[in-house]
Amino acid sequence: MELIKMNRNMKIALAIVVVVAIVIAAVAIVTNDNDEKGDTYRIAVVKHNFEPLFIADELGYFNDAGVNVKLVQASSGNDAMTSLAAGHVDLAGFGSDPFFGMIDKYGGDYKYIGRWMMDEGLKGAAALDCPYSFNGDEKGLVGAKIGVNTNVSYYSLLLKYLSQTAQGDIMVLQKDGGYDKDKVNIYHFANDALSGALTTGKVDMIIAGATNINVVERNPTLYKYVVAEEGYKGYMSVGMFSSMDLVEKREGDIKKILNAIDKACDYMNDASTKNKAIDICMNRLNITDKNIMTKYLELAEWGVKLNDDDKESMESSFEFIVKNNPSKYTGTLKGLTTIDITDYLDYRFVR
C-alpha cells in the first residue's frame, strides 16, 4: 500500500515537472520571438543623402553596436514617410517636407531624432550663358524659368530667397508650359527629370542637390553652378524620424543606431578612409564616376546632430511650403499659421 502511494506521488510530481517544463518552453519561445522582432530594426532609406547608413551597413557598424538593422529601399522621401506611418518600417530617413505631410495626414505622434546630412545654402545649375543668378538683386530672377521639385526642402530654400529679395510676390508656379516675362517662373519636376529639363532648354536653371553635380561635372564646358550669396543661405537637412512610441520603448537601441551612423560619418570625413567610403557609396548607388561621387560628398556636412540649424530648416519649410499650399494640407495642419517646431524635435539622442 505504501509503495502504491509513493508511485502515485511520483507520478503527480513528474506530471507537474512536465507541465512546468512545457510552460517555460512556451514562454521562452514567445519571448525569443518578440525579442527577435523587436531587435531587427527596419529603416527606410532612399539613395543620395543616405551614404552614412550604407557605410554603417557595409562595415558592420550596426552589428558592432549590438543592433540588427535592415535597410529597406524607398523610392523617395514621401515613400519612406508613408512606410513609417503605415508601420512597414520602424525608422525612416527623410527631410522636413515629407515630415509635415506625415503629421498633417497621420497626426503628430512622430519625432525628428537626429540628422546626418546638412546641405547649407541655395544651390543650382545653369547653362554657362544663363543671365540669371542669386546675387541678391531684387530683379535678378525676373523672367527666369526655374525647375525644382516642389515637394522637397530645396523648394522652401528657393521661396525663402525670393522672399528675402522682394521677389516672392512676383513668383508664379507655372503649369502646362506657361510663361510670364515679368514673373519668376517656377516649374515642378520630379528629381529624375530635373537634369533633362535643363539640358533640353525647358528651364534656365534647376535647384537641386546631387542633380546639380551630375549636370555640371559631366558637362563643365556647357553648365555652371549657381549659388546664393552668403547672406541668403538656408539649410536643408536629412535625418531620422521615429514614432514617439518607439522612442520611449527603445531609447537605448535608437542611440546605438545613431552612434553607428555617426561613426560612418567619421569614416566619410576622415582623410585616411575617405576614398574607401567613396568606393562603398559608388557601389551602393551604382555610380561609376568617382569625381561625381567625391563632389557630392563634399557638398554637404556629415555628422549626427540636431540643433538650431535643423529647427530653422523645418521652420522654413513650414513658412514657405505648408502655409503657401493650403489646399495640400487639409488634415492636422489645416489652417495653421504658426507651429512650435520644438514639439517635434527630440534632442536626447545627440547630447
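The values are calculated or read from the model by the stated rules, or taken from the named source; none is laboratory data. None of these values were measured; they are calculated from a predicted model. Using ideal geometry, Cβ is built from the backbone for each residue, glycine included, and neighbour counts are taken over all protein chains shown. When the accessible area is computed, the model is the full protein with side chains, heavy atoms only, and any ligands, DNA or RNA have been set aside. Shrake-Rupley method; radii C 1.70, N 1.55, O 1.52, S 1.80 Å.
For the pair T221 and R348, the difference between a 0.36 nm per residue extended length and the Cα-Cα distance amounts to 40.9 nm.
For the residue pairs K47/K111; K145/K202; K160/K224; K183/K328, alpha carbon separations beyond 18 Å are given by K47/K111; K160/K224; K183/K328. Accessible surface calculations at 1.4 Å, restricted to protein heavy atoms, place the chain at 49 Å² per residue.
Length gained on full extension, N283 to K202, computed as 0.36 nm times the residue gap minus the Cα-Cα distance: 25.9 nm.
Quick one: what do you get for the chain if you divide its Cα Rg by 2.2 N^0.38 Å?
Numbers: Rg = 25.9 Å, N = 351, 2.2 N^0.38 = 20.4 Å.
Normalised by 2.2 N^0.38 Å, the Cα Rg of the chain equals 1.27.
Place a point 7 Å from Cα of N325 in the direction of its Cβ. Which residues in the range 167-208 have their backbone N less than 15 Å from it? Residues 173-175, 186-191 qualify, since their backbone N sits under 15 Å from the label point. Between the range 263-329 and the range 83-100, how far is it from one alpha carbon centroid to the other, in angstrom? Here the answer is 17 Å between Cα centres. Normalise the Debye intensity by I(0) for the range 233-330, one equal point scatterer per Cα, no solvent, then take log10 at q = 0.13, 0.21, 0.24 Å⁻¹ and round to two decimals. Each listed q maps to, in turn, -0.69, -1.12, -1.19.
Working from the Cα coordinates of the range 58-203, the gyration tensor eigenvalues give, after taking √(5λ), semi-axes of 35, 17, 15 Å in decreasing order.
Taken about its Cα centre, the range 230-316 carries a charge dipole of roughly 460 debye when the Cβ of each Lys and Arg holds +1 and the Cβ of each Asp and Glu holds -1. Only helices enter this figure: runs of n ≥ 4 DSSP H residues, each worth -39500 (n - 2.57), summed and divided by the residues of the chain, yield -14000 deg cm²/dmol at 222 nm to the nearest 500.
May I ask you to give the percent of accessible area on the range 114-156 that is carbon plus sulfur, with a probe radius of 1.4 Å?
Numbers: 590 of 1300 Å².
That share works out to 45 percent.
The dipole here belongs to the range 74-125: it is taken about the Cα centre, uses +1 on the Cβ of Lys and Arg and -1 on the Cβ of Asp and Glu, and is about 40 debye.
Based on alpha carbons, the Rg and Dmax found for the range 43-122 are 13.1, 39 Å. Looking at the chain, the DSSP beta bridges with both ends there are about 55 percent antiparallel. Subtracting the Cα-Cα distance of M244 and S75 from 0.36 nm times their residue separation leaves 58.4 nm of extension gain. Amide H contacts for Y235 (H built 1.01 Å from N in the peptide plane; partners 5 or more residues away or on another chain; cut-off under 5 Å): G121. P(r) tail, the range 166-302: Cα-Cα pairs separated by more than 18 Å, 70% of all pairs. Largest GNM mean-square fluctuation among G177, G201, G303, using the chain with Cα springs under 10 Å: G177.
On the range 253-351, 43 percent of the accessible area sits on carbon and sulfur atoms, based on a 1.4 Å probe. When the GluC sites (Glu not before Pro) in the range 56-144 are filtered for DSSP coil states and for at most 15 other beta-carbon atoms within 10 Å of their beta-carbon, the remaining sites are E138. Farthest towards the positive end of the charge dipole of the chain, among the residues M240, T211, A74, is the Cα of A74, using unit charges on the Cβ of Lys, Arg, Asp and Glu. Rounded to two decimals, the Cα-based Rg/Rh of the range 151-205, with Kirkwood Rh, is 0.96.
For D104, D309, the ranking by accessible surface with the largest value first comes to D309, D104, using a 1.4 Å probe.
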